[in-house]
Structures are given as C-alpha cells and as structure tokens.
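The next block holds one structure in the form of structure tokens; read it before the comments.
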Amino acid sequence: MTGSPWLAPLSVLFGAGARLRLQLYRAGLRKVRRAGRPVVSIGNVAAGGTGKTPFVRYLARELLARGKRPAILTRGYGRTSRGTVVVSRGDGLCVPVDAAGDEASLLARALPGVPIVADAVRFRAAVQAEALGVPVDLHLLDDGFSHVGLARDVDIVLLDATDPAAGGDFLPAGRLREPLSSLARADLIVITKCEQADPAAAIELASVHARGIPVFRARTVVTGILDRKGALVAPADLPPGTVVAVAGLARPEAFRDTLDRLDISPAAFLPFPDHARYGDFRIGRILRTVEETGATALLTTEKDAVKLEESVSLPVFRVAIEMRVDEPGFAAEVLARLDRAPS
C-alpha cells in the first residue's frame with residue numbers, strides 16, 4: 001500500500017467489497033436490466049480526475065454531428081435532490097443547479113438538444129429519458145463503468161495519463177474503485193490528459209490488463225476564458241493578482257497547471273473538494289481572500305462556475321475546455337460497435 005498505513009485496512013475492505021459486488025452480478029444474484037435504447041458507458045476504475053465530463057460532452061457532440069440523438073444518464077453527483085430528476089429536456093437546464101449537480105448542470109448548459117436525467121439507479125433514468133417525448137437514439141451513461149446494474153452495449157474506459165494506476169490502491173489509500181484487472185471488461189480504452197504526460201505508462205497498463213482492446217489518446221484543450229455571458233476574455237486582460245482562482249476538483253492541481261500554461265498568476269489559489277458545495281462558510285472564505293489580496297474577480301473551472309455564479313456578485317470567469325481524441329476514427333468506431341451489438 002502506498003497510502004497511510006492507517007488507511008490500508010480500509011482499502012482492503014473496500015477492494016473486497018468491490019470484488020464481491022462484481023461477482024454477485026456475474027453470478028446472476030443481482031439483476032442487470034436493459035434500457036429501451038442502446039447504452040454507451042463512459043467511466044473508469046478510479047475515483048475522479050480522468051475527465052469524464054469533458055469526454056461525455058465531446059462524445060455527445062460527435063454523435064450529434066453524425067445525426068444521432070443521445071440522452072445522458074447521470075447520477076448527478078453533489079446534488080441535493082433525491083430520486084429521478086430531469087435536468088434538461090434538451091432545451092437547457094430546467095432545475096436549480098443544486099438539484100441537478102454541478103456536472104449535470106454544466107452538460108445541460110453545453111449541450112442544447114440533449115436530454116439529461118439524473119438518478120442513482122440509471123435504469124430509472126433511462127426509462128424517464130425515453131418517456132420525455134423527445135427523440136432518443138441511444139444513452140450515454142456518465143461515470144457508468146462500475147454501474148453494472150444497467151446493461152451496456154459499448155464500455156469506454158478512461159485512463160489518466162498522469163496517474164493511470166490511480167495510486168495503485170483501493171479507496172481510501174488510493175483512488176481505485178475496482179481492481180485494474182476490471183479493464184478487461186472494456187470495449188475501448190481512451191487515455192486522457194496526453195497533453196500533460198507521456199501516455200506510455202497508461203498504454204502499458206492497458207496492454208497488461210486489457211490485452212487486444214483498442215486504445216485511443218485524448219487531450220484536453222483550453223478553448224478560452226469566458227465571462228458570465230459567455231464572451232471571450234484574453235488571458236492578458238486578467239493581469240497578475242487581479243483574480244482569485246477557485247477549483248473544486250478531485251485533483252485541483254490540474255487546474256493550477258492549466259493556469260500556469262496560460263501564464264495567469266492569480267492572487268491566491270483556493271482548492272476545495274470535488275463537487276464542493278459553496279455555502280456561507282466557503283463563500284465567506286472566498287470573499288475574505290478576495291478582500292485580503294485586493295483581487296477584483298474569480299477565475300474558476302466550468303463546473304464550479306455554474307455554482308459560484310449563483311452565489312457571488314463579483315465577476316466570475318471560467319476556463320472553458322474541450323476533450324479531443326487524437327485518432328479521427330473514434331466516434332465511427334463507437335457507432336460501428338453499436339451496430340454490431342446484439343439487439
């Protein structure tokens with residue numbers, strides 16, 4: 001174990017539980033249900049940090065460009081609501097951000113024309129999406145690799161080039177939610193963040209645990225800095241010390257690296273937990289930091305922006321990113337595999 005020795009027993013228990021759960025599904029002791037439309041799952045074996053949300057957005061756009069009509073099924077991490085929530089009927093966010101979750105809200109803002117439904121039980125989300133009265137050809141199952149209760153036709157697994165083994169341990173000592181041997185269940189593997197690290201280690205990992213499975217490479221590209229209205233702002237228009245940077249991510253250091261590459265020097269950098277809720281305490285900390293540093297605005301991630309824009313009157317700028325797969329045939333490969341899937 002590479003983490004704290006105090007966490008090692010918990011990691012052993014987590015790993016045993018993960019293996020038992022998978023065995024129960026394999027043995028048919030837990031039911032796998034099938035949606036009324038084909039399902040493409042996007043997920044990973046780790047907890048957070050691989051770029052699933054940008055990848056879901058990328059793939060949805062690629063499918064839309066090819067005449068397909070996807071719906072997105074998500075758990076809606078960080079939401080305050082329970083049960084099934086229709087986040088978007090394909091015409092933008094239709095519930096408050098805290099009821100939808102930050103990532104689902106971001107997808108709703110970025111993907112007009114794509115219905116989005118949140119439910120911890122994704123089969124129920126699929127049933128609701130198919131009953132909305134809008135055309136749905138297939139479902140994109142967001143963060144779905146470990147959600148084996150819903151049958152899928154294509155399993156896409158993301159590996160982070162900067163840490164493909166996710167620390168090498170199960171939660172909480174590392175970041176693994178499943179053993180690396182689970183990569184053998186994948187149909188396609190995509191190595192993300194290739195702009196930050198050499199993908200060779202991730203390729204080797206895939207060759208060991210997912211022999212013969214096609215491997216693709218993806219990179220995250222900054223498309224611009226946007227203000228509240230979506231207008232582009234040049235990095236030079238954010239002089240050193242004029243913004244406080246805020247990031248509620250599984251790996252907030254990745255956002256700091258992005259700012260470094262953009263030559264942006266914030267007055268302070270405030271990391272928060274992934275899917276952080278910005279209540280009075282955290283907003284108070286942010287505003288005090290702004291006052292103490294003399295900054296005049298906030299600079300944050302896209303998924304933090306959907307929450308902070310509702311909570312502060314300061315100017316809020318967001319760093320807009322896109323995921324892009326290097327190999328041009330990726331979306332065609334996904335569709336080809338859907339065509340070959342049993343009906």
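Give me the strands (runs of 3 or more DSSP E) completely within the range 1-111, filtered to those with at least 3 residues that are more than 17 Å from the chain's Cα centre (by Cα), ordered by residue number.
In the range 1-111, 85-89 are the strands (runs of 3 or more DSSP E) which contain 3 or more residues that are more than 17 Å from the chain's Cα centre (by Cα).
Counting just the residues of the range 276-291 that are out of contact with any Lys or Arg (no Cβ under 7 Å at 6 or more places or on another chain) and in contact (Cβ under 8 Å) with a residue 24 or more places away in the chain, which one comes out nearest to Ala250 (Cα to Cα)?
Looking at residues that are out of contact with any Lys or Arg (no Cβ under 7 Å at 6 or more places or on another chain) and in contact (Cβ under 8 Å) with a residue 24 or more places away in the chain, I get Arg277.
If we keep just the residues of the range 166-182 that are of a type in the set (A, V, I, L, M) and closer than 15 Å to Glu204 by Cα, which is surrounded by the most Cβ atoms within 10 Å (Cβ to Cβ)?
Ala166
Using the structure shown, decide if Val190 is touching a residue at least 24 places away in the same chain (Cβ under 8 Å), among the β-branched types (Val, Ile, Thr) and either within 20 Å of Ala341 (Cα to Cα) or in contact with a Lys or Arg (Cβ under 9 Å, 6 or more places away or on another chain) (or both).
The answer is yes for Val190.
Out of Thr301, Thr289, Thr293, Thr242, report the one residue that is polar (S, T, N, Q) and closer than 23 Å to Leu111 by Cβ.
Details: Thr289 fails: closer than 23 Å to Leu111 by Cβ; Thr293 fails: closer than 23 Å to Leu111 by Cβ; Thr242 fails: closer than 23 Å to Leu111 by Cβ.
Exactly one residue qualifies, and that residue is Thr301.
What's the number of the only condition in (1) closer than 27 Å to Arg75 by Cα; (2) part of a helix (DSSP H, G or I) that Ala320 fails to meet?
All conditions pass for Ala320, except number (2).
Could you list all residues from the range 166-214 that are hydrophobic (A, V, I, L, M, F, W, C) and assigned to a loop (DSSP other than H, G, I, E, B)? It would help to see each step written out before you state the result.
We begin by selecting, within the range 166-214, every residue hydrophobic (A, V, I, L, M, F, W, C); these are 166, 170-171, 173, 176, 180, 183-184, 186, 188-191, 194, 197, 200-203, 205-206, 208, 210, 213.
Correct list: Leu171, Ala173, Ala186, Cys194, Ala197, Ala210, Ile213.
When the residues of the range 194-216 are narrowed to those that are touching a residue at least 60 places away in the same chain (Cβ under 8 Å) and out of contact with any Leu (no Cβ under 9 Å at 6 or more places or on another chain), which ends up nearest to Asp339 (Cα to Cα)?
Per the stated criteria, the residue is Cys194.
Among the residues of the range 112-155, which ones are closer than 26 Å to Val319 by Cβ, part of a loop (DSSP other than H, G, I, E, B) and touching a residue at least 40 places away in the same chain (Cβ under 8 Å)?
The answer is Gly113, Val114, Asp143.
Listed here are the residues, each with its yes/no results for (1) in the same structural domain as Ala332 (by TED's automatic domain parsing); (2) modelled with pLDDT under 95; (3) not in a loop (DSSP other than H, G, I, E, B).
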position	(1), (2), (3)
Phe216	yes, no, yes
Val244	no, no, yes
Leu259	no, no, yes
Ser265	no, no, no
Arg277	no, yes, no
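If we keep just the residues of the range 172-194 that are basic (Lys, Arg) and under 20 Å from Met323 (Cβ atoms), which is modelled with the lowest pLDDT?
Looking at the filtered set, the residue picked out is Arg175.
Exactly one of (1) assigned to a helix (DSSP H, G or I); (2) over 24 Å from the mean Cα position of the chain (by Cα); (3) closer than 30 Å to Arg217 by Cβ is unmet by Glu291. Its number?
Of (1) assigned to a helix (DSSP H, G or I); (2) over 24 Å from the mean Cα position of the chain (by Cα); (3) closer than 30 Å to Arg217 by Cβ, only one is false for Glu291: (3).
So for the range 120-127 (the condition being touching a Lys or Arg at 6+ places or on another chain (Cβ under 8 Å) and over 30 Å from Ala173 (Cβ atoms)), does at least one residue qualify? Steps first, answer last, please.
So in the range 120-127, the residues touching a Lys or Arg at 6+ places or on another chain (Cβ under 8 Å) come out as 120, 122-123, 126.
From the residues that got through so far, the ones that are over 30 Å from Ala173 (Cβ atoms) too are 123, 126.
The answer is yes; a qualifying residue exists.
Among the residues of the range 274-295, are any in contact with a helix residue (DSSP H, G or I) (Cβ under 6 Å, 6 or more places away or on another chain), surrounded by 13 or more Cβ atoms within 10 Å (Cβ to Cβ) and small (Gly, Ala, Ser)?
No, that holds for no residue.
Could you list, in sequence order, all residues of the range 217-242 that are within 28 Å of Cys194 (Cβ to Cβ) and in contact (Cβ under 8 Å) with a residue 40 or more places away in the chain?
Residues satisfying the conditions are Arg217, Ala218, Arg219, Thr220, Val221, Val222, Thr223, Gly224, Ile225, Leu226, Val233, Leu238.
Could you tell me which residue of the range 183-197 is nearest to Arg57 (Cα to Cα), considering only residues that are surrounded by fewer than 21 Cβ atoms within 10 Å (Cβ to Cβ) and out of contact with any Asp or Glu (no Cβ under 8 Å at 6 or more places or on another chain)?
Glu195
In the set Glu291, Glu309, which member is outside the structural domain of Thr162 (by TED's automatic domain parsing) and closer than 24 Å to Arg61 by Cβ?
Glu309
The values are calculated or read from the model by the stated rules, or taken from the named source; none is laboratory data. This structure is a prediction, so every number in the text was calculated from the model and none was measured. Glycine also receives a Cβ, built like all others from the backbone with ideal geometry; neighbour counts cover every protein chain displayed.
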